[in-house]
1. Output the 0 to 90 degree angle, nearest 10, between the alpha-carbon long axis of helix 50-64 and the longest principal axis computed from the alpha carbons of the chain.
2. What value, in deg cm²/dmol to 500, does the helix sum -39500 (n - 2.57) over DSSP H runs of n ≥ 4 give at 222 nm once divided by the residues of the chain?
3. Could you grab the relative contact order for the chain? Cα pairs under 8 Å, six or more apart, rounded to a whole percent.
4. Considering only 82, 51, 62, give the residue with the highest GNM mean-square fluctuation for the chain, with springs between Cα atoms whenever their separation is below 10 Å.
5. Mind ordering 20-31, 4-15, 70-81 by average Cβ neighbours within 10 Å, highest first?
6. Once Rh for the chain is found with the Kirkwood sum over Cα pairs, what is the Stokes-Einstein diffusion coefficient at 4 °C and 1.567 mPa s, in µm²/s?
Ligand SMILES: [Zn+2]
């Protein structure tokens, strides 16, 4: 459902929720049953947050200017816990 705005000459503006694409140029006013014309308004778009904007910009930039990797990434794995029994194992 999409909210469309109409304006009655007598009663003023009112909103009407209709399925998308079903809005007609004129509707009946809910109060006085008179003619109401559709009012075209800007879509209610929301602006994404700063972090999402940065991520989308980086994704868009990677399409045309991918980052070049010149060296393998440094491993940051923690050292495995040492078990004293490992020292007793035979060595090649
Ligand atoms: Zn009206």
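1. 70
2. Rounded to the nearest 500, the figure is -5500 deg cm²/dmol.
3. With pairs under 8 Å counted, the relative contact order is 19 percent.
4. In this elastic network of the chain, the residue with the biggest mean-square fluctuation among 82, 51, 62 is 82.
5. The densest-packed peptide leads the list: 4-15, 20-31, 70-81.
6. After rounding, the answer is 64 µm²/s.
Here, each number is a calculation from the coordinates, and none is a lab measurement. This one's a predicted model, so the numbers in the text were calculated from it and none came from an experiment. Note that each Cβ is placed from the backbone with ideal geometry, even for glycine, and that neighbours are counted across all protein chains shown.
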